[in-house]
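One structure is given below, encoded as structure tokens.
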Amino acid sequence: MDKSANVNETGPASGLGKLLVARGKLAESDLQRAERVLAISGGTLGQALVRLGLVAEKEVADAVSGLTGCALIGPDDFPEAPVAEDRISGEFLQQFNVLPLADDGDCLRVAMADPTNEYVLRALEIATDRRIEPLLALASDLEQAHERLYGGGRSAMDQIVDGVQSESVLQEDVEDVERLKDMASDAPVIRVVNLIFSRALEARASDIHIEPYEHELKIRYRIDGVLQDVESPPARMAPAIISRVKILSRLNIAERRLPQDGRIKLKISGKEVDLRVSTVPTLHGESVVMRILDKQTLNLNLEDIGLSDKVLSDLKSVLERPNGIFLVTGPTGSGKTTTLYAVLSRMNTPERKIMTVEDPVEYQIAGVNQIQAAPRIGLDFAHALRSIVRQDPDVIMIGEMRDRETAGIAIQSALTGHIVFSTLHTNDSASGVTRLLDMGLEDYLLTSTVNAIMAQRLVRVLCPACRRESALTDEEVQHMGISRLVERAGSRRVWRATGCEACARTGYRGRMGVHELLLVDDSIRHLILEHASAEVIMKAARANGMVTMYEDGVLKAFAGHTSIDEVLRVTHQ
């Protein structure tokens, strides 16, 4: 390790700051801000950057590792029992964020949040009479290890809750607005809410659920589409925590009888994050759900959203048509909006004017005119669409075809030379046709305007670090009706989820789409004019070569991307 690399120096010459700026992880103005805070509060530059949310802790550690040559280790490298506890006090280790790893009688290997701290290194040498080999670890990982090994298993949440002294925070039934504000401004409450946010981001959660019950406050994260319970504060803190969230989202904290919607903009671990907030009154308080809109994780490349080669090729041909309607169907949370954003990004050229009507606008796309629907003041989809067509657009995106009026305007727009994209809530692509007919739209207009309907779901992606290979039996192949797909894949080999540290023991990490693309050709148009059922339309589409969502998922399971169990769960086949 190069101990001459001082990662804690501050000012313009800061090695750590300069490296983070050079790597594009930190803006020069943010570095100067952190240095001003550091001059007042003390500590290290890395601690200040993480505390201010300017850079993720892992990115700071990677930079320190690069500067010092010190290897970065994780919780899997930590001991199961304390090492050298008879020579080093737990208080000293926790104060300086040091964790002894192994003692061979000559050298003591230790994990440190700051491996350049000469005072700590010298103190360890004197206390143990050993040569010290420092390794780098995240401060949060070390704190959890200290809690496990020296702190009686008390978590960070427990320690914050122990600091709650204000009687207002402990009040369970609060009506006074000023007291609600005082509660929400208590330092422990702010720390608990910030901890909930940061842990959700670390866990790659898409939603945060805060649910008050009679005797408990439950916090749940939706990770890869599945809700998971996480550590929660005591129920007595529910009014304070919910009030804090409502203040951040600029909601009326005194109104607890009606649902409210708001938005929070935060910078967490160096990431710009938007949270879409919804509150509804329940029997024991307000239930809060926050949708995390992480702009840095949004993939707007059509080639990278999980489309199979055939679907991608067919979709590109649909997008090349000069007018018509393309619909994406699926339940809430199936990735429809992300797919449409990827389509819009592909269509977004200087020669085209693109306008959207959304409720809400989840992500902003440069070069696209996005309108936020506001039904409360009369700006619903239909009203906004009437105005849009007078703006001379080439491409129109409607967040959702909710009613006959909106769908009718969309069809008229397609008939007059516009390209229209929208979503529907149906179970499969063929049901999209019958849904439009059920809305009262004329069949001959559908056959003239609808180019294609794509249905999709999101399946969890197997963790590459722990997936386990297996083979399907004859009975399984026959039961699932996939003999043709086995022949197409040329193998019965699939992978199953197991679970490891990298995927939080779930066996999955991330999600991808499974799709079916219904191309409206002459045979499908004929069936639409006959008002054929969704089953008949689906059968005709499959005869024309369409791969269903279930079949697409099975092929992706054969390719090792997901598991058969996950495909069955999502497609309900």
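Annotations for the structure displayed:
- Screening Ala187 against (1) crowded, with 17+ Cβ neighbours inside 10 Å; (2) at pLDDT below 85 leaves a single unmet condition, (1).
- Of everything in region 1-33 that is in contact with a Ser or Thr (Cβ under 8 Å, 6 or more places away or on another chain) and of a type outside the set (Gly, Ala, Ser), the residue that is modelled with the highest pLDDT is Leu31.
- Within region 69-93, residues that are free of Cβ contacts under 8 Å to residues at least 60 places away in the same chain and among the hydrophobic types (A, V, I, L, M, F, W, C) sit with their Cβ atoms under 6 Å from residues that are outside any loop (DSSP other than H, G, I, E, B) and surrounded by 13 or more Cβ atoms within 10 Å (Cβ to Cβ), at 6+ positions apart or across chains, in these pairs: Val83/Pro100; Val83/Asp103; Ala84/Pro100; Ala84/Asp103; Ala84/Thr128; Ile88/Ala127.
- Listed by position, the strands (runs of 3 or more DSSP E) contained in region 274-385 that have at least 3 residues being crowded, with 21+ Cβ neighbours inside 10 Å are 285-294, 324-329, 354-358.
- Checking Leu180, Leu258, Leu201, Leu251 one by one, the residue that is touching a Ser or Thr at 6+ places or on another chain (Cβ under 7 Å) and assigned to a loop (DSSP other than H, G, I, E, B) is Leu251 and no other.
- Here region 487-499 is the region considered, the condition is being more than 30 Å from Leu319 (Cβ to Cβ) and touching a helix residue (DSSP H, G or I) at 6+ places or on another chain (Cβ under 8 Å), and the residue that is surrounded by the most Cβ atoms within 10 Å (Cβ to Cβ) is Val494.
- Asp304 being at pLDDT 90 or above, out of contact with any Phe, Trp or Tyr (no Cβ under 7 Å at 6 or more places or on another chain) and farther than 30 Å from Gln260 by Cβ: no
- Scanning region 32-59 for residues that are in a loop (DSSP other than H, G, I, E, B) and either on the phi < 0 side of the Ramachandran plot or within 25 Å of the chain's Cα centre (by Cα) (or both) yields Thr44, Leu52, Gly53, Leu54, Val55, Ala56.
- Filtered by the rule that a residue be within 14 Å of Met549 (Cα to Cα) and touching a helix residue (DSSP H, G or I) at 6+ places or on another chain (Cβ under 8 Å), region 313-345 gives Val328, Thr329, Gly330.
- Per-region count, region 93-142, residues in contact with a Cys (Cβ under 8 Å, 6 or more places away or on another chain), in a strand (DSSP E or B) and farther than 23 Å from Leu49 by Cα: 3
- Search result, residues across region 496-528 that are hydrophobic (A, V, I, L, M, F, W, C) and at pLDDT 90 or above: Ala497, Met512, Val514, Leu517, Leu518, Leu519, Val520, Ile524, Leu527, Ile528
- Filtered by the rule that a residue be open to solvent by 30 Å² or more (accessible area, probe 1.4 Å) and either among the acidic types (Asp, Glu) or modelled with pLDDT under 90 (or both), region 211-225 gives Glu214, His215, Glu216.
- If the condition is being touching a residue at least 24 places away in the same chain (Cβ under 8 Å) and surrounded by fewer than 19 Cβ atoms within 10 Å (Cβ to Cβ), then region 386-395 contributes Val389, Gln391, Asp392, Asp394.
- Hey, Met512 surrounded by fewer than 22 Cβ atoms within 10 Å (Cβ to Cβ), under 16 Å from Ala452 (Cβ atoms) and among the aliphatic types (A, V, I, L, M) or not: no
- Residue list for region 447-486, filter: closer than 30 Å to Ile524 by Cα, of a type in the set (Gly, Ala, Ser) and either in contact with a strand residue (DSSP E or B) (Cβ under 8 Å, 6 or more places away or on another chain) or buried (at least 24 other Cβ atoms within 10 Å of the Cβ) (or both): Ala452, Ala455
- Region 60-92, residues that are closer than 19 Å to Ile126 by Cβ and in a helix (DSSP H, G or I): Gly90, Glu91, Phe92
- Some residue of region 399-418 being at pLDDT below 95 and more than 24 Å from Ile528 (Cβ to Cβ): yes
- From Ile196, Ile208, Ile241, residue being open to solvent by less than 10 Å² (accessible area, probe 1.4 Å) and under 14 Å from Arg276 (Cα atoms): Ile208
- Taking every residue in region 244-262 that is over 19 Å from Val361 (Cα atoms) and at pLDDT below 90 and pairing it with any residue that is assigned to a helix (DSSP H, G or I) and open to solvent by 40 Å² or more (accessible area, probe 1.4 Å), at least 6 positions away or on another chain, the pairs with Cβ-Cβ distances below 8 Å are Ile253/Val177; Ile253/Lys181; Ile253/Ile247; Ala254/Val177.
- The residue that is surrounded by the fewest Cβ atoms within 10 Å (Cβ to Cβ), among those in region 263-273 that are at pLDDT below 90 and of a type in the set (A, V, I, L, M), is Leu266.
The values are calculated or read from the model by the stated rules, or taken from the named source; none is laboratory data. Nothing here was measured: the structure is a model prediction, and the numbers come from that model. All Cβ positions, even for glycine, are placed from backbone atoms using ideal geometry, and neighbour counts span all protein chains on display. Calculation scope for accessible area: heavy atoms of the full protein, side chains included, ligands and nucleic acids excluded. Shrake-Rupley method; radii C 1.70, N 1.55, O 1.52, S 1.80 Å.
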